[in-house]
Each structure stands twice: as C-alpha cells, then as structure tokens.
Amino acid sequence: MMDWNILLVDDEVEFVQTLCERLDLRGLACRVALDGEAGLKMMDESEPDVVVLDMFMPGLKGLEVLTLIRERHPKVQVILLTGQGATKDGMDGMKLGAFDYMIKPLSIDDLTAKIAEAVKTART
Amino acid sequence: MDKARFMGRMAATVSHDLCNVLATIQQASGLLGDYLALARRESLKSVGLRPKFKYNDKFEEIICQVLTQVNRGQDMCDQLSRLAHSSDEGQDGADLALAAELLVKLSGRVAKKHKVKFLVMPAPMRCKAKATLVEVLTAMETALTGIAWECREQGEIVLAPGATDTGVHMDILCQGLSQPDVQSLVQALESGESGACTAGVIQGGVRLAFEKAGLQA
C-alpha cells in the first residue's frame, strides 16, 4: 500500500465507489465524498494529498469547491473531472489552481499516473 | 434561435448524463477485469492448488466488448456535446470543414441506412461562413440526406469545402448522381432554404454557397 491519500468527490455513487475500489486495489488509500460540502468536511478532518473532484455536482459546484480548497488547503492538489464538451470548464479550473483536468469516461491507468504526478507536486 | 438554444441545453444535459453512465459502466467492467487479474495471480501463487477460473477467457472477451462499446459511446457523446454547444458557438461564423466533420460523424446512421460512405475532403484554405453553425449544419444536413437517398448503395459521397474571393461553399458530390437528380435536389433545397445559403448545380453534385465571414457589407 502506498502512503498516498486520495479523496474522490463525485455525486455519481456507483461510479465513485467503483473508482475508489479500483484505486484501492492498486494500493492507494482512498476515501469518497458524495458532494462538495462533505468533501471539505473530510478534508478538514484529515488532509489528503490529492482530491479528484467532479465539476458538476448538486450543491457547491466543482469550481466553488476548488476555490475553497485553494484557500483552506493550499498544498492539496486537485484533479478535476469533466464531461465531454466541457474542456473550457477544465481550463477555467486550471486557472483557478487545479493541478489538471480529465474527461469522463477515463482510464484507470491515466488517472493513477495523473495522481502520481499530483502527489509528487503536493509533497515538494 | 431561442428554440435552438433550448434544444442545445437539453442535449448538453443528456450528453453529460450519458458520459456518467458510460464512466460507470467503464469502471465496473474495469473492476471485473481487476478481480480476474487478482484471481489469476492468486491461482499462480497457490502452485496449482487453486484452479484457474474456468471462464476467465470468456470474461475477458466480454469485458473487451463492453469497453469497445464504451469507447463508441464516448465518441457519440462527444459529437452530441459538440452539437449541443453549436447553438451557442459559431454565432460569429462557422468553419465549413469543421461543420462537415461534425455532420458526418452525426450522420453515421444515415450512411448505414443508405449503404454509402461520407468522406470530408480537407479545405484548401480556411472556409468560414458568415452563417451560424446551426444554420450551416441545417443546410448541409438537408442536402446530405437528399443526396444519400439518391445515391443509395452507390459508394462514396464526398463533402468538399472551398472558397472564392467573395464566398465559401460546400460541394456535396457523388459519382452516381445524374444531372436530373441534381436538378431536382437543388429545386427541393431552394424551396426549403432558410436564406443562409444558396444551392446550385455542379458537375456530379450540389454546391451550397455561403456568404464569407469577415467581409464588409
């Protein structure tokens, strides 16, 4: 098990739980929050290295959550998840300080590689 | 245009939800693959005491099929999303080559139905029409559907963007089109024209002529 702490924030329950299980099988310690508020609360309790954050959720939107993370947890790296055709939102997120963005559906290998890069950045 | 924007917003919502459905299917089938791989490793470690899962190869084949369909769905989702945003984008003009590529990808079913192939030729230069993307797509789709029916089971239909000093155009060509067919198509297109372009007869097909973007009135 690697000592990387990952927080997944997405309101798509089956998607996020399955993704978490797959990351877990690859040795990444993973937690799940189903909305932005819950994610921020979990971060206050225990700060992860990387947050994988869906941009379109009920309640706080991804970019709002990102802004709050940047204020409260500046070392934490954020990877945004967007849908097809929403690359502009991903770019906007990077301007607000996201590490990168990825488009759903996404490959687990690509996500793991991106998380590895983000962890390296978070710890330097 | 408000109706187009409404439809665009609805299509964007559907496209977003569809992406989530595909993402869930993709991860679920991926997880199945992960557990198969885990079972294989454990079987090897047990030095033959634990038998290999009997249906391993069949499961892998099914996972592969699911992932192929997810990729197919992802491509469709991408096109749907581009279509959905077309009512907001391209208000200051539309690139004919990009519009043709989008239309061809969205018209796979028409091509299959009429047993034809659509081919987009590269534009010799940037061909930007003054009309909006929705107007360009509407005109091109009407012409393409008509030609696909006339040319059914006759091979390739070519979409060739081009430009002159005063305008830009999209030629839609098929070797199987006869001159009377083209004449009647142009007449049908002219009767239904929205004013975004004019339809004309050319050798082997139809030319949709648009006003060029960026020209002074």
Sequence of A:His73, B:His16 once ranked by neighbouring C-beta atoms within 10 Å, starting from the fewest: A:His73, B:His16
Cα point-scatterer Debye curve for the protein assembly as shown, base-10 log of I(q)/I(0) at q = 0.07, 0.12, 0.14, 0.16 Å⁻¹: -0.43, -0.93, -1.06, -1.21
Cysteines in chain B lacking a second Cys C-beta under 4.7 Å: B:Cys19, B:Cys64, B:Cys77, B:Cys127, B:Cys197
Calculated log₁₀ intensity ratio I(q)/I(0) where the Debye formula runs over C-alpha points of the stretch A:1-46, q = 0.13, 0.18, 0.24 Å⁻¹: -0.27, -0.50, -0.82
Per-residue mean of C-beta atoms belonging to partner chains within 10 Å, peptide B:25-34: 6
Spacing of the two label points (7 Å from each Cα toward its C-beta) at B:Thr166 and B:Ser46, in nm: 8.1 nm
Relative contact order for the stretch B:94-211, counting Cα pairs under 8 Å that sit 6 or more residues apart, in percent: 27 percent
GNM top mover of A:Thr67, A:Thr112, A:Thr18 - chain A, alpha-carbon springs below 10 Å: A:Thr18
Which of A:Glu14, A:Glu71 has the fewest Cβ neighbours within 10 Å, and the rest in rising order: A:Glu71, A:Glu14
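Tell me the mean residue ellipticity at 222 nm calculated for the protein assembly as shown from its helices only (DSSP H runs of n ≥ 4, each -39500 (n - 2.57), averaged over every residue, nearest 500).
-17500 deg cm²/dmol, from helical runs alone.
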Calculated SAXS-style log₁₀ I(q)/I(0) at q = 0.12 Å⁻¹ - chain B, Debye, Cα scatterers: -0.72
Top of B:Glu42, B:Glu101, B:Glu190 by mean-square fluctuation, Gaussian network on chain B, Cα under 10 Å: B:Glu42
Prolate/oblate/rounded call for the stretch B:2-85, Cα gyration tensor, a/c under 1.5 rounded: prolate
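Please compute one quarter of the surface area of the Cα convex hull for the stretch B:94-211 and express it in square nanometres.
About 6.3 nm², averaged over all directions.
Using only the Cα atoms, work out Rg/Rh for the stretch A:5-122, with Rh taken as the Kirkwood radius, to two decimals. Walk me through the numbers on the way to the answer.
Numbers: Rg = 12.5 Å, Rh = 13.8 Å.
In the stretch A:5-122, Rg relative to Rh is 0.91.
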Ordering of A:34-40, B:65-71, B:92-98 by burial proxy (mean other Cβ atoms within 10 Å per residue, highest first): B:92-98, A:34-40, B:65-71
Nearest-ten-degree value, helix B:56-85 long axis tilted from longest Cα axis of chain B: 30 degrees
Label-zone membership for the stretch B:104-143, site B:Gln175, 7 angstrom Cα→C-beta point, backbone N under 18 Å: B:115-121
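Bear in mind these aren't lab numbers, they're just calculated from the coordinates by the rules spelled out. Since this is a predicted model, take the numbers as computed values, not measurements. Heads up, the Cβs are rebuilt from the backbone with ideal geometry, glycines too, and the neighbour counts pull from every protein chain shown.
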